[in-house]
Structures are given as C-alpha cells and as structure tokens.
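Input: a single structure, listed below in structure tokens.
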Amino acid sequence: MIQTGISTIDVMNSIARGQKIPLFSAAGLPHNEIAAQICRQAGLVKRLEKSENLLEGGEEDNFAIVFAAMGVNMETAQFFKRDFEENGSMERVTLFLNLANDPTIERIITPRIALTTAEYLAYECGKHVLVILTDMSSYADALREVSAAREEVPGRRGYPGYMYTDLATIYERAGRIEGRTGSITQIPILTMPNDEGQIYIDRQLHNRQIYPPINVLPSLSRLMKSAIGEGMTRKDHSDVSNQLYANYAIGKDVQAMKAVVGEEALSSEDLLYLEFLDKFERKFVAQGAYDTRNIFQSLDLAWTLLRIFPRELLHRIPAKTLDLFYSRDAAN
C-alpha cells in the first residue's frame with residue numbers, strides 16, 4: 001500500500017498501489033496543506049515476511065511523487081515550492097505548476113505532461129509513483145472555457161458534454177502494467193461547489209479546528225482490501241478499521257440523541273461511545289501538519305482508543321485478534 005502518514009487515510013481508507021482515489025474539498029478548506037503533507041510523508045509499506053515482531057516494517061526506496069497544480073495563484077504556488085524545498089521533499093518530487101494567469105491550454109496539458117512523466121518513472125525506471133493533481137475543478141473550468149470559445153453546445157453548468165470522457169483519459173492512466181514492476185497511484189483533488197463528496201474533507205471538523213478535517217464516515221477506498229492485512233500491513237488492520245467505523249457511527253448517533261434527551265438520560269454504554277467519539281476526533285483524526293505516523297503507529301493508536309470499551313463490545317473483531325492485541329501495552 002501507499003502510506004501517507006495520516007492515520008485516517010492509512011487505517012480507514014488505505015490506498016493500494018495503482019489505485020486512484022479522489023480527495024473532495026471545498027473553498028476555504030485546507031486541501032493544499034493536506035496535499036503538501038502527503039508529499040512530505042508518503043512512502044511505501046514494505047511487504048512483511050512472517051515474523052514474531054508485529055511492529056516490524058519499513059519503507060521501500062523505489063518511490064517517487066509527481067505533483068501537478070493547475071490554476072493556482074502565485075501565493076499557493078510559492079507555498080508548495082517552499083514547503084517541498086524546506087522539508088527535503090523536492091529530492092523525490094517532480095513539480096508542475098500552472099498559475100491562474102497562465103494560458104488556458106497549458107492548464108489542459110499540465111495533467112497529461114505530469115502523467116507522461118509518471119509513466120516514464122513507473123514503467124521505464126521501475127518506480128512506484130504517486131501522482132497528486134490539484135485542482136481538477138480548475139482543469140474542468142479550462143475545458144469549459146475552451147468549449148465556449150469553440151461555440152460548442154454546452155452541457156450541465158456550461159461544461160462540455162464530453163467532459164467526463166476527457167476526465168477518463170486522465171484518471172484511467174493510473175494502475176499497473178503486467179510485466180513491469182512500477183505502478184501509478186493517483187490522488188486527484190477536487191473543490192466541489194456545494195461541499196459534496198472518496199476522501200472527504202469536512203467543513204464542520206475544520207470549523208472545530210481539527211486538522212486534517214477528514215470525515216471518515218462518507219470516505220471510501222474501494223481497493224483497500226487488496227492492500228492491507230498480514231504480509232502487507234498487519235493482520236488486525238481490517239478488523240480494527242471496521243470496529244473504528246462502527247463505534248464512530250454509533251458515537252455520532254448517541255451525540256444526536258444527547259442533543260434531544262440530555263446527557264442524564266444516556267446509559268453508561270452510551271457515555272462510553274461519547275467518550276470514544278471525542279477522543280477519536282481529537283487524537284486519531286487530528287494530527288499536526290508535520291506529525292507523521294506510520295501505519296503501525298496508527299494501528300496501535302487505534303487499539304488505545306478501542307480499549308475504552310470492554311472486550312465484549314468489540315463485536316467486529318474476532319476473538320483470536322482480541323487475544324493478541326487487546327491487552328498488549330494496555331498499561332501504557
């Protein structure tokens with residue numbers, strides 16, 4: 001899998017090599033900061049051999065990043081360039097910057113040049129390449145501008161009718177090729193007009209000063225199961241993720257019920273879910289912009305939170321996995 005160093009992505013929305021998984025944001029949300037953080041921290045989780053050391057793991061060296069920014073202002077462009085240079089990311093990042101005042105046609109060819117570079121690194125040099133494309137909404141606006149200049153019949157919201165076909169020529173260049181060792185993984189970033197939303201940046205979390213404000217409930221990685229588990233991350237990964245989802249969802253329901261009936265009417269079990277909800281958002285979802293956690297640290301943190309509950313309430317985790325992990329380092 002591709003490790004981003006962000007717990008909510010690595011544990012609950014794990015990214016497989018060769019996958020494409022969009023990050024949905026909106027105006028005013030910190031998608032640029034999250035993109036820069038992924039560039040600083042991203043790497044490959046080494047495939048593990050069977051070992052008694054459950055924390056054994058590391059990163060592989062044949063990894064590269066291609067970063068393409070489209071339609072950004074000068075301040076944002078300088079932010080990316082300065083961040084990559086100051087944190088040493090530039091050594092493995094190929095950077096393409098298209099400014100808002102650059103010609104529209106450059107905005108249309110920027111992601112294609114970036115992906116051609118990624119294909120060379122992946123299929124000729126044997127590297128596993130992470131491609132970050134931001135902001136694809138600016139790319140779609142450029143398509144609309146060219147279409148209007150050509151006086152084509154507009155579709156919904158003025159975008160050309162062939163826009164989705166055109167986007168497919170970009171997104172479908174992610175993947176792996178039989179006989180080649182490299183892969184191309186895509187994280188396109190889109191700013192949606194109505195905060196719509198795979199990895200979903202949430203305005204309510206942002207307003208509560210939680211960074212990165214990733215809402216795990218509507219987020220989804222469809223290829224997660226192919227990239228996690230024994231030999232790739234850890235045997236408890238899938239079960240822990242499922243239990244976190246379940247407990248967080250129940251905690252949200254209890255929070256809504258509390259607003260109606262008051263805290264005094266809640267059971268002791270309900271109060272446990274409220275405690276978990278608060279600690280999950282403050283300790284697991286929230287992490288500093290320069291705080292990198294590898295997948296094993298994130299899983300251990302998840303277990304620390306799950307130990308809030310008695311063992312019998314962890315219904316999504318098999319007994320054998322609980323025997324192995326539930327009491328481990330509980331005193332810490």
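Here residue 319 and residue 265 are evaluated by their C-beta separation; at R0 = 41 Å the FRET efficiency comes out at 0.80. Of the two radii for the chain, the radius of gyration is 1.00 times the Kirkwood radius, both from the alpha carbons; that is the Rg over Rh value. With the Cα gyration tensor of the stretch 18-174 giving a ≥ b ≥ c as the square roots of its eigenvalues, does the rule (a/c under 1.5 for rounded; else a/b larger than b/c for prolate; else oblate) give rounded, prolate or oblate? Prolate, because a/c is 1.5 or more and a/b exceeds b/c. Every helix of 4 or more DSSP H residues in the chain counts as -39500 (n - 2.57), and over all residues that averages to -12500 deg cm²/dmol at 222 nm.
Kindly identify the stretch 111-248 as rounded, prolate or oblate by the Cα gyration tensor criterion: order the square roots of the eigenvalues as a ≥ b ≥ c, call it rounded if a/c is under 1.5, otherwise compare a/b with b/c, prolate if a/b is larger, else oblate. Cα axes put the stretch 111-248 in the oblate bin. State whether the stretch 275-322 is rounded, prolate or oblate according to the following rule on the C-alpha gyration tensor (a ≥ b ≥ c being the square roots of its eigenvalues): a/c under 1.5 gives rounded; otherwise a/b larger than b/c gives prolate, and the remaining case gives oblate. Because a/c hits 1.5 or more and a/b fails to exceed b/c, the stretch 275-322 counts as oblate.
The stretch 66-145 and the stretch 259-332 have their alpha-carbon centroids 38 Å apart. Rounded to the nearest 5, the antiparallel percentage of DSSP beta bridges internal to the chain is 25%. Straightening the chain between residue 77 and residue 33 buys 14.6 nm, computed as 0.36 nm per residue apart minus the Cα-Cα spacing. Considering the stretch 237-316 at the alpha-carbon level, its Rg and Dmax are found to be 13.5, 41 Å.
The stretch between residue 180 and residue 90, if pulled fully straight at 0.36 nm per residue, gains 29.8 nm over its current Cα-Cα span. So if R0 is 30 Å, what FRET efficiency would residue 157 and residue 222 give, r being the distance between their Cβ atoms, rounded to the nearest 0.05? Calculated value: 0.65.
Think of each Lys and Arg Cβ as +1 and each Asp and Glu Cβ as -1; about the Cα centre, that makes the dipole of the chain roughly 520 debye.
Here, each number is a calculation from the coordinates, and none is a lab measurement. Note that the structure is a prediction, hence the values are computed from the model and not measured. Here Cβ is always computed from backbone atoms with ideal geometry, including for glycine, and neighbour counts include all displayed protein chains.
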